[in-house]
1. Out of (1) closer than 27 Å to A:Lys116 by Cβ; (2) surrounded by fewer than 21 Cβ atoms within 10 Å (Cβ to Cβ), what's the single condition that is false for A:Lys96?
2. For the list (1) crowded, with 19+ Cβ neighbours inside 10 Å; (2) out of contact with any strand residue (DSSP E or B) (no Cβ under 6 Å at 6 or more places or on another chain); (3) within 30 Å of A:Asp252 (Cβ to Cβ); (4) not aromatic (Phe, Trp, Tyr), I need the number of the one condition that A:Ser170 fails.
3. Taking B:Ile202 as the residue in question, decide whether it is at pLDDT below 95, among the β-branched types (Val, Ile, Thr), outside any helix (DSSP H, G or I) and surrounded by 14 or more Cβ atoms within 10 Å (Cβ to Cβ).
4. Quick check on my filter: what residues within the range A:266-317 are closer than 29 Å to A:Pro126 by Cα, touching a helix residue (DSSP H, G or I) at 6+ places or on another chain (Cβ under 8 Å) and acidic (Asp, Glu)?
5. Looking at the range A:121-141 only, could you name the residues that are under 26 Å from A:Ala262 (Cβ atoms), assigned to a strand (DSSP E or B) and not basic (Lys, Arg)?
6. Return the residues of the range A:232-284 that are of a type in the set (A, V, I, L, M, F, W, C), more than 21 Å from A:Ser206 (Cα to Cα) and not in a loop (DSSP other than H, G, I, E, B); say none if nothing qualifies.
7. Looking at the range A:252-287, which of the residues that are touching a Ser or Thr at 6+ places or on another chain (Cβ under 8 Å) and within 21 Å of A:Lys211 (Cβ to Cβ) is farthest from the other protein chains (Cβ to nearest Cβ)?
8. Test each condition in (1) over 18 Å from A:Gly38 (Cα atoms); (2) free of Cβ contacts under 8 Å to residues at least 24 places away in the same chain; (3) surrounded by fewer than 18 Cβ atoms within 10 Å (Cβ to Cβ) for A:Lys177 and report the one that comes out false.
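The values are calculated or read from the model by the stated rules, or taken from the named source; none is laboratory data. Note that this is a predicted model, so its numbers are computed, not measured. No Cβ is skipped: glycine too gets one built from the backbone with ideal geometry, and neighbour counts run over all protein chains shown.
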Amino acid sequence: MSALLIAEHNNKDVKPFTLNAITAASQIDQDLHVLVIGHSCETVAKSVSEVPNVKKVIHVDDEIYKNFLPENFAPVVIKNSENYSHIVCSANTFGKNLMPRVAALLDTSQVSDIIKVTSTDTFLRPIYAGNAFATVKSTDAKKCITIRPTSFDPAPTSGGSAEIVKAEKSEASNLTKFIKREEVKSDRPELGTARVVISGGRGMGSGDNFKLITAIADKLNAAIGASRAAVDAGYITNDHQVGQTGKVVVPDLYIAVGISGAIQHLAGMKESKIIVAINKDGEAPIFSVADYGLEADLFEALPQFLEELNKLNTIQK
Amino acid sequence: MKILVAVKRVIDYNVQVRVKEDGTGVVTDNVKMSTNPPDDNAIEEAVKIKESGKAKEVVAVTIGEDKAQETVRKALAVGADKGIHVKVDGIIEPLAVSKILQKIVEKEKPDLVFMGKQAIDDDCNQTGQMLAALLNWPQATFASKIDVKEKSLEVTREVDEGLETIETNIPSIVTCDLRLNEPRYASLPNIMKAKKKPLEQINASDLGIDTKPRIEQIKVEEPPKRKAGIKVASVEELVQKLKNEAKVI
């Protein structure tokens with residue numbers, strides 16, 4: 001049997017985490033096919049076909065798929081799932097929204113958010129906000145799996161030439177209507193894939209004070225993150241949230257500023273290679289995961305930090 | 001309009017979860033339990049919609065062992081009208097939960113079903129979407145704003161890219177984000193009054209659903225520990241360490 005991966009994209013480009021999911025899916029089954037569902041998304045099908053691990057691309061194109069509504073996606077995934085032992089997707093908001101709808105229709109108990117493939121039926125996944133790791137074995141004949149993208153390397157994007165096959169659309173559901181998407185455009189690296197992330201918490205005190213973080217992010221070519229408290233307080237938009245129910249990040253360098261380090265925040269960043277914590281409360285739990293802790297007032301420390309960085313001329317981009 | 005809200009009893013979000021030494025799970029004995037946090041938002045939203053006059057009845061349902069009733073009692077204390085406890089012992093997976101909820105929906109005939117977007121114990125994030133699939137209802141997941149209209153819902157969803165707005169037909173499933181609202185506390189008089197509200201008990205085994213787990217839990221272990229870090233005395237020292245020791249800048 002083979003594995004079928006559902007690609008996440010924006011009808012123009014493949015989302016980077018699809019490449020991480022391809023790596024994981026091809027560890028489950030080398031005969032990996034990718035389902036590209038969307039509207040006028042030939043360029044996506046083409047670029048997926050160039051990923052060396054991909055053996056075949058199934059492309060379904062229709063206007064009803066333009067906005068990725070799961071009510072329309074699930075039937076067409078089911079229709080194309082017959083010959084596959086594993087249906088796979090990355091565990092971000094796209095996959096989290098879609099996959100359980102597919103799994104229930106297939107009467108399969110989904111395995112969510114895996115971080116390691118042990119065998120074709122056994123996987124490692126974090127539970128309790130990453131405070132425990134569970135090894136689980138799926139006994140369903142057809143398995144539905146979502147992948148934590150940051151736990152797998154992205155697959156190379158060139159060198160392959162998989163066949164692209166067109167498939168028919170399914171009926172439109174008419175249960176849901178898309179109204180709008182408010183995307184926050186930014187020239188910065190994406191939070192999920194950035195080499196450096198600098199995050200602010202409640203200690204920032206206001207949205208305006210995030211400019212101290214922005215200045216350092218500019219210098220380090222870093223993505224900007226935030227704790228839930230900072231998002232709740234309206235300092236910054238929800239797409240920056242790092243944590244159990246936000247984004248999981250694994251950068252080379254994570255700098256937590258004015259973040260106390262609730263379990264739920266640690267769940268989203270504690271696998272980072274190097275963690276720096278800047279907090280005036282020396283007892284803050286964030287220091288327990290920090291490689292380098294600086295007990296200081298962030299309003300004094302951040303401008304000094306920028307000044308010190310400016311003295312260096314060898315910052316890696 | 002009638003709203004059914006599903007609530008789950010989990011280890012309290014403030015508890016530092018510990019893995020059992022024999023690798024069979026996590027320690028739950030003498031550990032503080034409470035309602036799964038986003039389920040509190042689901043109840044709050046349903047009660048607010050009722051208070052606005054757009055809904056007539058809010059029913060809270062939980063699935064689990066006897067003590068799971070506490071979560072329904074709490075829902076009744078903050079404004080739900082009626083409770084249902086579906087009794088089941090042992091591990092129950094989201095697929096089985098959604099099949100039980102399907103039966104409850106068939107019986108109660110709600111117009112809307114609300115629940116938290118994810119339970120903070122197994123972190124599966126599946127039940128709402130699965131229930132929507134089984135009922136062939138629309139799903140509005142990760143909701144941070146709900147606007148009840150005449151025959152539809154307008155829901156703002158938190159997605160990776162930012163915010164998305166969709167309109168779903170009613171009946172509909174909504175899974176709630178923590179930013180949807182600020183859940184109220186139950187006052188003592190309301191806790192006392194809640195004790196008089198109806199709480200129906202149903203045995204899962206009487207519903208004719210196979211709830212046997214399909215996923216075998218082989219082992220639960222501690223995640224790898226980070227090695228202890230150091231405190232630096234100054235920003236200057238921090239930058240030197242990052243450059244020369246960690247070599248990340």
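1. Going through (1) closer than 27 Å to A:Lys116 by Cβ; (2) surrounded by fewer than 21 Cβ atoms within 10 Å (Cβ to Cβ) one by one, A:Lys96 breaks only (2).
2. That leaves (3) as the condition not met.
3. On the way: at pLDDT below 95: no; among the β-branched types (Val, Ile, Thr): yes; outside any helix (DSSP H, G or I): yes; surrounded by 14 or more Cβ atoms within 10 Å (Cβ to Cβ): yes.
When the stated conditions are applied, B:Ile202 does not pass them.
4. Listed by number, the list holds a single entry, A:Glu271.
5. A:Leu124, A:Pro126, A:Ile127, A:Ala132, A:Phe133, A:Ala134
6. Once the filter is applied, which keeps residues that are of a type in the set (A, V, I, L, M, F, W, C), more than 21 Å from A:Ser206 (Cα to Cα) and not in a loop (DSSP other than H, G, I, E, B), the range A:232-284 yields A:Leu253, A:Ile263, A:Leu266, A:Ile274, A:Ile275, A:Val276.
7. It comes out as A:Ile259.
8. Single failed check for A:Lys177: (1).
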